[in-house]
Amino acid sequence: MTDDLQPRGPFRYGDRVQLTGPKGRMHTITLREGGELHTHHGVLRHEVLVGQPDGSVATNSGGHEYLALRPLLRDFVMSMPRGAAIVYPKDAAQILAAADIFPGATVVEAGVGSGALSLWLLRAIGDQGRLVSFERRGEFAEVAEANVATFTGGTPANWSIVVGDLVESLPGAVEPGTVDRVVLDMLAPWECIDVVADALAPGGVVLCYVATATQLSRVAEYLRGTGLFTDPDASETMIRGWHVEGLAVRPDHRMVAHTGFLITARRLAPGAIPPDVRKRALKKPSYDDADVEIWTPGAVGDREITDKNLRKRVREAQRAARSSVSTSDGHDGDSA
Ligand SMILES: C[S@@+](CC[C@H](N)C(=O)[O-])C[C@H]1O[C@@H](n2cnc3c(N)ncnc32)[C@H](O)[C@@H]1O
């Protein structure tokens, strides 16, 4: 894989290119020698794009024009094959800021799901950082690996995926007190807080991304109850697009109203007990295990993917990765 997570300069074989054609119809192709995009509007040969700058317009055999752009990471994650629900770009951007992901950081992430957040994290930590991602379902890990390979052209040397439950696998995978940042995107992050507290360096940040207010409450109280973290901060992010054309300047009629909540806290130094934490730890939480039982994926609105559909997503993701990796090695990929 290249050190550069995003290729630059004129188009070359192996690049992924997003084409916008007649009536705004979009196609994503991987440029390969002899490759062609066939539509009912005609044939666009890949070679006409090679050597052209990003943002060029190419014409197909039917005289139709296509705007060609390398997909941005946000375009890629929204269209890549999914095993599990992904972190949307609006939340990924906030996660990078709220968890303070920095170049060179050692970051732990769980679960990997489809690998969308892994891509944002890899980009933010850079070559000097290290990302260790945990996923308990092997097929999801395969989808994520293939998606990362498709976008980056290989497997980043500073990224490893551990297939297993974070609670069991984290202690054996990292030295205690060495991890700078932990990002949890899963149904029951509170189950992982004890191992996360051991793994984090003093001052390190844990961030949980949860879909429902009940999960938010449960994880906040768990963090408080340990007495090992600062008081958590919670937020949600709403982005309202605007239509800006001439004098018609107004908010879009539709928006994504809800995806999830972010909650962050910082690991205290061993033995440090700030006065407010000491007071809080004495309070009893007002929920019990029965409350957690109802937070199954179905109950909180997550649609479970069927095994058949998941196998299909794995095949799709691996096909895209093979095409992307082999063409960047100078071999043939599949036709677009
Ligand atoms: C919503 S998905 C993560 C999506 C991912 N962040 C992305 O952007 O593509 C949640 C994932 O967490 C995994 N998971 C849940 N609990 C886990 C645990 N304790 N350890 C490891 N993985 C876990 C699930 O199998 C699932 O794939």
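Of note:
- Remark on the stretch 1-113: Rg and Dmax equal 17.1, 51 Å (Cα only).
- Extension gain from THR20 to THR59, taking 0.36 nm per residue of separation minus the Cα-Cα distance: 12.9 nm
- In nm, spacing of pseudo-spin labels at GLN128 and HIS258 (7 Å Cα→C-beta vector): 4.2 nm
- Using a cutoff of 8 angstrom between alpha carbon atoms and counting only pairs six or more residues apart, the relative contact order for the chain works out to 18 percent.
- Global form of the stretch 194-284, assessed from the alpha-carbon gyration tensor, a/c cut-off 1.5: prolate
- Fluctuation leader among VAL162, VAL244, VAL43 - the chain, Gaussian network, Cα springs under 10 angstrom: VAL244
- Anisotropy class of the stretch 66-205 from Cα gyration tensor, a/c 1.5 cut: prolate
- Extension gain from ASP75 to GLU36, taking 0.36 nm per residue of separation minus the Cα-Cα distance: 11.8 nm
- As a calculated quantity, the FRET efficiency between ALA272 and ASP194 at R0 = 22 Å, using C-beta atoms, amounts to about 0.80.
- For the stretch 181-247, a Kirkwood hydrodynamic radius built from all Cα pairs, placed in the Stokes-Einstein relation at 10 °C and 1.306 mPa s, yields a translational diffusion coefficient of 117 µm²/s.
- Summarising the overall dimensions of the chain from its C-alpha atoms, the Rg and Dmax are 22.3, 74 angstrom.
- Of the trypsin sites (Lys or Arg not before Pro) in the stretch 17-76, those whose Cβ has at most 14 other Cβ within 10 Å and which sit in DSSP loop: ARG25
- Inter-site label distance for VAL48 and LEU67 at 7 Å from Cα along Cβ, in nm: 1.8 nm
- Cα pair distances of the stretch 138-227 binned at 5 Å [whole percent]: 3, 12, 20, 21, 19, 15, 8, 3, 1
- Taking a point 7 Å out from the Cα of ALA201 in the direction of its Cβ, the residues of the stretch 72-108 whose backbone N falls within less than 12 Å of it are 102-107.
- A Gaussian network model of the chain, with springs between Cα atoms under 10 Å, assigns the largest mean-square fluctuation among SER61, SER114, SER235 to SER61.
Since every read-out is calculated from the coordinates, none of them should be taken as a lab result. Values in this document were obtained by computation on a predicted structure and should not be read as measured data. Because the Cβ atoms are built from the backbone with ideal geometry, glycine has one as well, and the counts that use them run over all protein chains shown.
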